[in-house]
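Note sheet for the following structure.
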Amino acid sequence: MYARGYEAEGLRLARDLHVQVVGPLDGLKPSALHGGKLAVVLGAA
């Protein structure tokens, strides 16, 4: 997930990590990132 204005960086990180799902921050407040502009959410099914 990426903050507004950081789509290119988000897509590059996703490509580097072989992540297929990329999108804007959704459900995370920017203050929760402590200044960060990208977030990687990990989970298991």
Between V40 and R12, how many nm apart are label points set 7 Å from Cα along the C-beta direction? 1.6
Using the C-alpha atoms of the chain, what convex hull volume per residue, in cubic angstrom, is computed? 82
Show that you can apply the helix-only estimate: for the chain, add -39,500 (n - 2.57) for every DSSP H stretch of four or more residues, divide by all residues, and state [θ] at 222 nm to the nearest 500. -7500 deg cm²/dmol
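With Cβ to Cβ distances under 15 Å as the rule, what net charge do the other residues near G35 carry (K, R +1; D, E -1)? Spell out each step's value before the answer.
Details: positive: R4, K29, K37; negative: E9.
Combined, the nearby Lys, Arg, Asp and Glu give +2.
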Under the Karplus relation with 6.51, -1.76 and 1.60 and θ = phi - 60°, whole-Hz ³J(HN,Hα) for region 21-29, x at Gly and Pro, equal 9, 9, x, x, 4, 9, x, 10, 7
Whole-Hz couplings from phi, Karplus 6.51/-1.76/1.60, listed for region 7-17; x for Gly and Pro: 4, 4, 5, x, 5, 5, 4, 4, 5, 4, 9
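Read-outs: derived from the displayed coordinates by stated rules, not from any lab. No experiment lies behind these values; they were computed from the predicted model shown. All Cβ positions, glycine included, derive from the backbone under ideal geometry; neighbour counts span all protein chains shown.
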